[in-house]
Each structure stands twice: as structure tokens, then as C-alpha cells.
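The values are calculated or read from the model by the stated rules, or taken from the named source; none is laboratory data. Owing to the predicted nature of the structure, the values given are computational and were not obtained by experimental measurement. Counting neighbours? That spans all protein chains shown, and the Cβs are built from the backbone with ideal geometry, glycine included. Accessible surface is based on the protein model in full, side chains and every heavy atom, while ligands, DNA and RNA are left aside. Shrake-Rupley method; radii C 1.70, N 1.55, O 1.52, S 1.80 Å.
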Amino acid sequence: MTDIKIDKNLFQERLGQFYKAWKADKHNGDAIFSGASSILVLMGKTEEASMFQKNNAIHFWLLGYEFPATLMLFTLDAVYVVTTAKKGKHLEPLKGGKIALELLVRGKDADQNANLFEQITKTIKDTGKKLGVLSKVEATGPFVEEWKKVYADISKDVEEVDIAPAISTAALIVKDETELRAMRNASKACVALMNPYFVEEMSNVLDEEKKVKHSALATKIDSKLDDSKFWKTVAIGTKQSKMASDFDPSQLDWSHGPIIQSGGKFDLKMSAQVNDDNLHAGVIISSLGLRYKSYSSLIARTYLIDPNKHQESVYKLLLQVHNTAIKEIRAGAVAKDIYARALTTVKSRKPELEKHFVKNVGAAIGIETRDSTLILNGKNTRVLKDGMTLCITTGFNDVENPSPQDKQSKIYSMVLSDTVRVSDNEPISFTADAPFDLEGISFFFKDDEQEAPTPKKSKKDSTVGAVASTNIVKTKLRAERTTQKGNEGDEAKRREHQKELAQKKQEEGLKRFAEATGDQSGIMVKKFKRFESYKREQQFPSRVKDLAIVMDQKNSTIVLPIMGRPVPFHIQTIKNASKSDEGDFSYLRINFLSPGQGVGRKDDQPFEDVSAHFVRSLTFRSHDGERFQDISNQIANMKKDAVKREQEKKEMEDVVEQDKLVEIRNRRPVVMDNVFVRPVMDGKRVPGKVEIHQNGLRYQSPLQQQQRVDILFSNVKHLFFQPCQHELVVIIHVHLKDPILIGKKKTKDVQFYREATDIAFDETGNRKRKYRYGDEEEFEQEQEERRRRADLDRQFKAFAEKIAEAGKNENVDVDVPFRELGFSGVPFRSNVYCQPTTDCLVQLTEPPFMVITLEDIEIAHLERVQFGLKNFDMVFVFKDFHRPPYHINTIPVESLESVKEWLDSVNITFSDGPLNLNWPTIMKTVQADTHQFFVDGGWSFLATESDEEGSDAESEESAFEMSDSELAASDESSEDDSDFDSNASDDDGEGSEDEESGGEDWDALEAKAAKKDRDGGRSDEEEPKKKKHKH
């Protein structure tokens, strides 16, 4: 134990956190700690077991290590530790904190050791009768036996209470950032071993028809834990990300498995063991759990080999149930409600599978692989909190296969497990990079695999990407394209593809929102705000003794004298103040914010307690009118300052504080000089330099050493290089995941650029002009500018690639806009050129910049698409429905076809219509009940409108269609009446059946038409429209 280093600050911080919760529970009725006056944690001899218990967990949580043969007694005043001298040396530096630490060191003298235990028993009796113990934890060993002999003497006088729920709630259950980082690393390692490693090994075994035992395959996975080369090179998930740069494989250990099951013998319990049966090509379950720096993560996947329709349908249901359970996880949710929602999904879809469904859908995970106090079953009433981590496990056990492929496929089971973090908003799955959709887990090895849908998928995948083949094969100018002939065929293909995308989007929406979800009719629930001016009376300003109105600017508080007592009011509780004069007196009226008083939604305050009484206003009277006026002005100014601070705080909520940039010390970093930065930094605009360091970029201004911008690779979402072709600047643009502060400005986009044009100079007096004629000079200047621009592009592109190379561990890659696919539009106020890239749609030339990630887009809608208009608008709706839709207005109608082609090529569902829609109202409807929105057809209403308009146009045209015979007749009549003589109208009048009607005036005809309209069922509302049309 010579290398043991215990973090004293972390020990004191966590011990203080535990004691704070314990003392708070004492004041609140002992609901959590069951009234325990002391807590005993006993550790016996070390056992080789991957499953930790509460006594192991509290050691790791406080100390970072496990101390065998050690007794810890927690009282409200101190912590007593009985251990050996060797272990005591490591605990000695922990003394000196707010909570006293008493070390009782054991030796070889048995009597002396017994005396130490007697001191502990005496302390237990002195502190109170209730002793908190871990009743379900069984510690063993000589040390434990010695303690039990001494404790037996007082056991009758002490009431034991189970302290496991309290330790879970107050210590282990909510993780800090350090613990969450360890769990993310453990989860990423689990994903790496599951997919790609296990999937590749399993595929090779099945493809080559080898006979490999489950245990042999598990041993092969186990051996990868010590393979440092594997951890450095493994690529994880669809983004092919690497392990973190600070990842240490030596910190990994097994917490579960690996367990591989197939061939009809399945056990979904945590205690399952791997057997020696051969891997069977049917349903294969793989589960494994890893521990990184003592914190666990667990993953389980089911793989289907040549599945039949029944197995596919059961897995689709399991997928829906699993997603439903994960979606329900958020701070404030009750454990039993999550299980109930999952079970309801099974009952509604396939009630016959209810008896095969697991008895719980997971449990809390952390240092313990499974926290027994927080199991997600139908009885647990614990409430989830932000920072908790759960292992969500859903599955069906021993399902009968109606059409088994072989003898071993008659019975099968399925299971899915993911490690998930609880947050205030959406849950965060740490193991989501291991795919578990039906396409990702289905494998086909039989001879009829040609009929499998994989070739079709490859054809579809070839169209994915920002550059469709149709856009790069043909000429650059749209006017030169020969689209006249193939236009109808291309349009038909696009419509068919869009129908498929829309149907897929509808199915995804129903899966994502499997049950009724929403924001309670789209209205955000308001909370009753509390403000604290002073914690103690001693903090009051000294002037309150005069019982006068005191303005405390420091604490944003007004102290008012009421009934002979100074009463503080925080400025946020005050609505306004006004001063008025009546006779010899001046009056100061102070109005307070209270529920039910506001006119609009913004001013309205929620009721926390219906029976509570609120002070609406207070009025003070005085002869000193000037002082009242001064107080009124001070209140108004203080209110403005408070509102300003609140707005700044709200604006900066999503700004993250990045980790420190690790500078390169042993060599000179890669540098690019003479570069400007946007947003512009404070001070004079001068070019600086950009440096590439170990974990990020640094822009350094030459004016001041402190004037710099640091960007970590872990915070880079997209990296763009835009050449200076057709532009005035060459750009390297960084789009961030979370905004940062540059000076006092919040930004998610940082841009490094250099101007591509130099200032022209006059060469009138140059000798060369004597020997040059015509445009030679201009040609040289143009060639020089082209060379300069090409050189700039090379420099910036090479530097961007070096940035990507340095940030490859964080999946940083360079993206280049495709100018030939671009179009003009107005995303903000000015008309700019928008350009697609592989993953985004960007505008990087003029601030404010535009970067839209294609993966975030739910659908696109084209507005004002109708004949006669020169421009149309495009609206992007994002998958996060709380994010407002993004508008790009005034796009030239000449770009309509190219925009549609691009949207279709990147598999974005789009629709078009003639009008601008009210998107805030639409999104409010979607958020109110998203499940019902998709049940009612989802986004199909957008396509329906455009289809109806098309059908109306067709019907109008068909109303004027004529048959061939009618057309011939009309031609003959037109030839007969081609003289245009003055008697033509009279001839027509004679030929008509109603000769008398020819002499009626306009008023009579209009009255007769109105009567016919009423008889025909036309509404009266249309009458004024007709009259208006006439005049």
C-alpha cells in the first residue's frame, strides 16, 4: 500500500456532504436515517468478488481505496476508525478537518485490541440507542469475529436500524463531475468491447462456421483489458471516435461478465454465469460490465442471426419498451412510474408477452454495480435526481418461438441494457454508441441472403451526403443543364423518395414518443421564486435601529419599518414605487409582486400555498418629500440593475467553463501568424497568431498577453475551411458544442481569417511602363492575385488539417463548403450566400454566422412556393422541438430545384406550400402532446396542404377541358361568326330560348343570380364577396 495517496480535500468535502444530510434529516423527522445516532461500517477480509457492497462503496467514495479489517463508526461529532498501524499511516494526514477523525490503532496484543472495541461500544451507548448498520452486508474474517464478541455485550441495549438507504441517498446516489467522468470512460470502454470487438469476433465465428464455446469467447474478450494497443486504436460508434487522451487502461476492471448466451439457455439475472456450450447461430445475448477508477458501467445487447418474423416483431417491441423507459428518466420522476410506463407499453402492444417481461427495468449504478435501494420496479417510490446514474435493463425471458429454425431455437430470450445519466431535461445515455436498432443487430448468413434488404440499403446510402451524384456530374450552371427531358422522371423519383422519408420520419416519431408526452398543454410550469436577503440578524445594516427606510444596495434589499420592527424586502419582490403629495404630507407607496395580480402571462406569479396571504402594497407618510423622492428613484434604479443582472445571468446560463488548455512545452507549437479573429476582441484591431496545443487551440493577440482565446478540441462540434475563391477572405471556422466567452460576448462560433486582397498601389512612375503596352500589367496583376489566393488557400487548408490531426481523439474533422450547391438567402437581415457541407448548411462570410447541423433537422418546409413569385422561404424544424424553427428568407426561385435536390440527397424530408405558416403556434401544439401529434399524422399536414393545392389547380384546369367534337364545333362557329358585324348579338338573342330575358337590366339579372345561389345552397357570406367583385 506504499503508492496510496488519499485526497484530503475530497475526503473532507464528501464527509461534510454526508454529515450535512444526516443533520438535516435530524431536523426533518429522521425520514432517511431512521433516527440513527451513530453509524457502523464494518469491513472484513477482502473477497475476490466483482460485485461491491455498501461497505466497500463507502470506503471507495470517501477514501478512494478499500481498507480491509477496518471498523468505522460515525457519530454526529466525530469519525472513529479502528485499523492497523500500517493503514493508519495513510489515514493520519486526513485529520484536522471540520469533523474530527479519531484513529484507534490495533496491534498484536489481543487485550489491547479488545479495549479498542470496548471504546467503540461505549461511544455507541453514549451517543444514543439507535445504531445504523448495513443489515444485508455480511462481513467475514477474524477481525469481524473479534468485534462480534465485544459487541454481543451491548447488543441487547442497542436498537439496530438499516442505514443502507441513507448511505445511498446521502453519499453514493448523486454523482459529481469527477465520478461522472469515470463512468463515461467505463461506458466507452464497454461499448468498445461490445461493438466493434465482440461483434467482429462473433461474425467471424458464425461466418466461418467454427465451433467456439461461450467461455472461450468470453476469455478472449477478457484478454483485451490488458491490450494497450487495442485501446489506443479502437474506433467507436458511427463517428469512429477514439478513447479520451487521458484514458488509462490500467484503471479498468470487470464488474460483470463478460457473459455470452445462446442456444436456448438464457439467464437474464445479474448473477448469470457463462457456460461451455458452443455459440449457436440464433439469438445471442452478450452482456458485460467494466469498472473504471471504481465506477461501473454495464451494457447488454441481443443479436439476431437469420431471425424470423416473430423474433423481429418481439425485438421491435423490446426496442420500443427500452426507448420508452429511457425517455421517462428525468429529475423528479418516480421509480415505479418508469416501470409502469414500460409495462403499459408491453400490455398495449403484445399483452401475451407480459408474463415474460422482466420484473424490473434496472437499478442505480455507480461504485455498486446494482444499488438495491433504488431498483426500478413497480413498488419503489424513490424520486430521481439530477446526477444519478442508472442501468436501464429491459427484456423478455423464455419466449416460445412458433416457427423455430432448429431444436435450439424453440425458446429464446432478449435483453437490452444501457447506462444512463439522469438530468433535468433529456436523459444522457453513456452507452448509446453501441447500436441496438433492428438493422444494427440483425445478421444474415444463410444462402438466401441475396434476398435480404441489405443491397437496397447500400443503394440508398450512396445518396447520403451533401454532394449528390446528380449535382457533380452535370454542368455548373443550371441554365446549361438539359433537365427538360428527364425532369419529370427525376421529379417522380424525388417524390417517391420523399414519401419513403416521410413515412420513416413518422415511424421514428411514434417510436421516440411512444406514450403521451408533452409540456402540459405547452405551458411552462412556473415556480414560486424565493429570495434571501440576510441569513442572520447581525447582517442587517446598522441604520435599521433608527426605524427608517434603509436602502441596502449591497444585498439588493430595502428594509422597511413595520410595527416597530425592521423588515427586509428583496428588490425582486417589489413591483414599483411611487411618490405623491397631499397637503403638507408626502406619501411613498411601494407595490409588491403577488399571485393573481399580473395582467399578462409574464407578470403572473404562481401560488405555492393557496391559503397564504400576500402583502400587495405599503404606504408611508412623511413631511420630507425630497427623501421620499430620492427613495423612489433609488428603488427604480435598484430594480433596473436587478433586472439587468437577471437577464445577464439567464443569457450566460449555457456558457461552459472549459478545462485548462494543456500547452506544448517540449517543442514549438504549430503556429499560423497574421490572422484576425471573429468575434472581434476588445481594443485595437490587429492580427494575431493561432497555435495548436495538446488539447486545443489558442489565439494570442500581440497587444496583451492576457488577450487570448482558448478552444478545447473536446468542445469543437464542427471545423470548417472556406477558401477565398469568390470571397474576400479565407476562413478557418470553429463551431462549438457549448458557448464560451470572448471578452464579455457569448459565442458558439470562432473564426480565424485573413483578407485575400491587398491595397492597390499606383505604378505610374515605374520604368516598366515604358516598354509595356495594352493590358499586360492588368494581366500580371490578375495572375499575381490568383497566385496569392491559391497560396492563402494552401496555407489555411494545411493548418486546418493539422488542427484535425491534433484533435482526432475528439473526432475533429475538416469540412469544406460546396459552393456549386449554394444559394442566396436572408437568414438574418442581410442577403448572404448559404453553402452546404457534408454535415451542415453554413454561412461563414458575414457575421452573424449560420451553422445548421443536418443531423439536428427534423423536417424542412418551403414557404411562398407559387407561380409568379420571384422568391421563396425555407424553414428548418429541429428534432429538439423546444428549439425555435430556423428561417432562411428570400431565396431566389431559380434555386428552388437545386434546393430540393440537395434536401433530397441528404435525406431530409421536405414539403412546400404557398403561404407563410405560424410556426410558434405549430410548435406549441407539437410540444403540448408530441405523442398525439404523431398519432394524428405528424408532419403529414404540411404535405397534405401542398397536395390539396395541386389537386385544386388540376380540377380548375379540368373544368375548362373540351372534347374533340366540342372543339371542332367551336372552331366552325368561330369561322361563321368571324365577320364581327353589328348584328351578331341580335342573332344570338333570337336563337336563345328565353327571349324576354334579353331585355332585362343589370339589377334584375343580379337579383335573379342571387336567388339561384340561395337555391343552390350557397352561403349568404359569399354574397357580399360577389358584389364587391362586381364593383
**Message:** Using only the alpha carbons of segment 268-353, what is the convex hull's orientation-averaged projected area in square nanometres?
**Reply:** 8.1 nm²
**Message:** Please list, in order, the residues from segment 248-275 whose amide nitrogen is less than 17 Å from a point placed 7 Å along the Cα→Cβ vector of Asn308.
**Reply:** 263-265
**Request:** Report the FRET efficiency, 1/(1 + (r/R0)^6), for Asn674 and Asn831, where r is their Cβ-Cβ distance and R0 is 22 Å, rounded to 0.05.
**Result:** 0.15
**segment 1-155: C-alpha pair distances exceeding 18 Å, %** = 59 percent
**Message:** Give me the percent of accessible area attributable to carbon and sulfur for segment 308-453, probe 1.4 angstrom.
**Reply:** 48 percent
**Fill in**
Quick calc: nm separation of the 7 Å Cα→Cβ label points for Thr219 and Asp30 -> 5.5 nm
**Complete:** Taking N as the number of residues in segment 311-381, the ratio of its alpha carbon radius of gyration to 2.2 N^0.38 Å works out to 1.13
**Request:** Would you mind checking the pairs Lys5/Lys108; Lys86/Lys188; Lys95/Lys650; Lys213/Lys717 and listing those with alpha carbons more than 32 angstrom apart?
**Result:** Lys86/Lys188; Lys95/Lys650; Lys213/Lys717
**Charge context of Asp904, other residues only, Cβ under 10 angstrom, K/R +1, D/E -1** = +2
**Asked** Between Ser245 and Glu209, what is the label-to-label distance in nm when each label sits 7 Å out along the Cα-to-Cβ direction?
**Response** 5.0 nm
**Request:** Mind checking the full-extension length gain between Ile99 and Lys660? Use 0.36 nm per residue of separation minus the Cα-Cα distance, one decimal, nm.
**Result:** 198.7 nm
**Request:** Beyond 31 Å between alpha-carbons counts as too far, so tell me which of Lys327/Lys575; Lys316/Lys499; Lys293/Lys410; Lys130/Lys535; Lys293/Lys797; Lys504/Lys797 fall in that bin.
**Result:** Lys327/Lys575; Lys293/Lys410; Lys130/Lys535; Lys293/Lys797; Lys504/Lys797
**Prompt:** Using 0.36 nm per residue, how much length does the chain from Lys347 to Ile6 gain when fully extended, once their Cα-Cα distance is taken away?
**Reply:** 117.6 nm
**Prompt:** For the pair Ser580 and Leu869, how long in nm is the line joining their label points, each one 7 Å along Cα→Cβ?
**Reply:** 5.3 nm
**Message:** With only alpha-carbon pairs counted, each pair once and no self-pairs, how large is the Kirkwood hydrodynamic radius of segment 205-285 in angstroms?
**Reply:** 14.7 Å
**Message:** Can you compute the FRET efficiency between Ser423 and Glu507 using 1/(1 + (r/R0)^6), with r the Cβ-Cβ distance and R0 = 30 Å? Round to the nearest 0.05.
**Reply:** 0.65
**Prompt:** Taking the radius of gyration and the Kirkwood hydrodynamic radius from Cα positions alone, what is the Rg/Rh ratio for segment 121-229, to two decimal places?
**Reply:** 1.25
**Message:** Can you give me the accessible area per residue for segment 213-289, using a 1.4 Å probe, in Å²?
**Reply:** 48 Å²
**Complete:** Share of Cα-Cα pairs in segment 772-921 beyond 24 Å, whole percent, is 46 percent
**Prompt:** Between Lys650 and Lys136, what length comes free when the chain is fully extended (0.36 nm per residue of separation minus the Cα-Cα distance, one decimal in nm)?
**Reply:** 180.4 nm
**Item:** Neighbour cut-off at most 12 other Cβ (10 Å), DSSP loop, GluC sites (Glu not before Pro), segment 169-265
**Value:** Glu208, Glu209
**Highest-first arrangement of 494-505, 394-405, where packing means the average Cβ count within 10 Å** = 394-405, 494-505
**Request:** Using only the C-alpha atoms of segment 23-91, find the volume of their convex hull and express it per residue in Å³.
**Result:** 104 Å³
**Prompt:** With the other protein chains left in place, how much accessible area per residue, in square angstrom, belongs to segment 337-406 at a 1.4 angstrom probe?
**Reply:** 42 Å²
**Message:** Distance between the C-alpha centers of segment 781-858 and segment 399-449? Whole Å please.
**Reply:** 40 Å
**Message:** How large a share of the accessible area of segment 801-909, in percent, is made up of carbon and sulfur atoms when the probe is 1.4 Å and the other protein chains stay in place?
**Reply:** 48 percent
**Message:** Just to verify a number: FRET efficiency for Asp880 and Gln405, C-beta to C-beta distance, R0 = 35 Å, to 0.05?
**Reply:** 0.25
